[in-house]
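Participant: Before we start, here is the structure in question, set down as structure tokens.
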Amino acid sequence: PANLIALMPQAHIGLTATAYPRFYWYMPINQGQFVDFTLTQFSEGEAIAPVYSTRFAVTGESGIVSLQIPDTAHIPPLEVGDRYRWQVELYCNANGTSGDLQIDGWVEYQPPQAELMTALDTASAAEKAELYARNGYWFDAVDQLATLRAEDPEAANLQAGWQALLESVALEKLVGQ
């Protein structure tokens, strides 16, 4: 793929079970200088304010990139029920006023119901990824599987779970990344 691609469902909205989710996207081979990441809170369809913004250098290599807002940012947790727009802009020209490639998506924090929390408490790490996916917690399913795959890239069950998750949202072209 030659574009930035948000690892998101086709509707570009995903639920998270955590007030501090990790964001994932695919970065193509590029001549980028840096990336801007912005998270903006919306309430009742209106933008309230940017919650977090950062800029970081890129290597030009392709692959799946993630960003966890650092504890040192001291931002408040996501508000239950509000939607947050996250945006990534890749700048190839350091003097540009907007990114050469841009993507965005939406995240909504929704704490899991007690029944799901109980199931998660007793589940293995791989089972947690499946539980999150089955219950619509996109951000947590991606994060769980990506973390497990990084620890054991050869595990067939994790590869199959990653492939099934990405295929479920028409992102099968990113399975090998």
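The values are calculated or read from the model by the stated rules, or taken from the named source; none is laboratory data. Note that the structure is predicted; figures quoted are calculated from it, not measured. Ideal geometry is used to build each Cβ from the backbone, glycine not excepted, and the neighbour counts take in all protein chains shown. The accessibility values were calculated without ligands, DNA or RNA, using every heavy atom of the protein model including side chains. Shrake-Rupley method; radii C 1.70, N 1.55, O 1.52, S 1.80 Å.
Participant: Take the residues of the stretch 72-120 that are acidic (D, E) and over 16 Å from D36 (Cβ atoms): which is farthest from the chain's Cα centre (by Cα)?
Facilitator: Filtering first and then ranking leaves E115.
Participant: Just for the stretch 73-91: of the residues that are touching a residue at least 24 places away in the same chain (Cβ under 8 Å) and open to solvent by 50 Å² or more (accessible area, probe 1.4 Å), which one is nearest to H12 (Cα to Cα)?
Facilitator: It comes out as R85.
Participant: Take the residues in the stretch 24-72 that are small (G, A, S) and under 20 Å from E108 (Cα atoms), then tell me which one is surrounded by the most Cβ atoms within 10 Å (Cβ to Cβ).
Facilitator: Out of the qualifying residues, it is S66.
Participant: Here is a list: Y52, Y26. Which entry is in contact (Cβ under 8 Å) with a residue 40 or more places away in the chain, assigned to a strand (DSSP E or B) and of a type in the set (S, T, Y)?
Facilitator: Y26
Participant: Would you call Q41 in a strand (DSSP E or B) and free of Cβ contacts under 8 Å to residues at least 60 places away in the same chain?
Facilitator: Considered against the rule, which asks whether it is in a strand (DSSP E or B) and free of Cβ contacts under 8 Å to residues at least 60 places away in the same chain, Q41 comes out as yes.
Participant: Does the stretch 114-134 include one or more residues that are closer than 14 Å to P21 by Cβ and open to solvent by less than 20 Å² (accessible area, probe 1.4 Å)?
Facilitator: no
Participant: As an exercise: evaluate T59 against (1) without any contact (Cβ under 8 Å) to a residue 12 or more places away in the chain; (2) outside any loop (DSSP other than H, G, I, E, B) and give the number of the one condition it does not meet.
Facilitator: (2)
Participant: Is it fair to say F23 is within 17 Å of the chain's Cα centre (by Cα) and aromatic (F, W, Y)?
Facilitator: It is true that F23 is within 17 Å of the chain's Cα centre (by Cα) and aromatic (F, W, Y).
Participant: For residues that are among the acidic types (D, E) and either at pLDDT below 90 or not in a strand (DSSP E or B) (or both), scanning just the stretch 82-104, find the one that is farthest from S43 (Cα to Cα).
Facilitator: Here the answer is D100.
Participant: For E79, only one of the following conditions fails: (1) charged (D, E, K, R); (2) within 25 Å of L116 (Cβ to Cβ); (3) not in a loop (DSSP other than H, G, I, E, B). What is its number?
Facilitator: Result: E79 passes all but (3).
Participant: Let me ask another. Checking A146 against (1) without any contact (Cβ under 8 Å) to a residue 40 or more places away in the chain; (2) part of a helix (DSSP H, G or I); (3) farther than 28 Å from G45 by Cα, only one condition comes out false. Which one?
Facilitator: (1)
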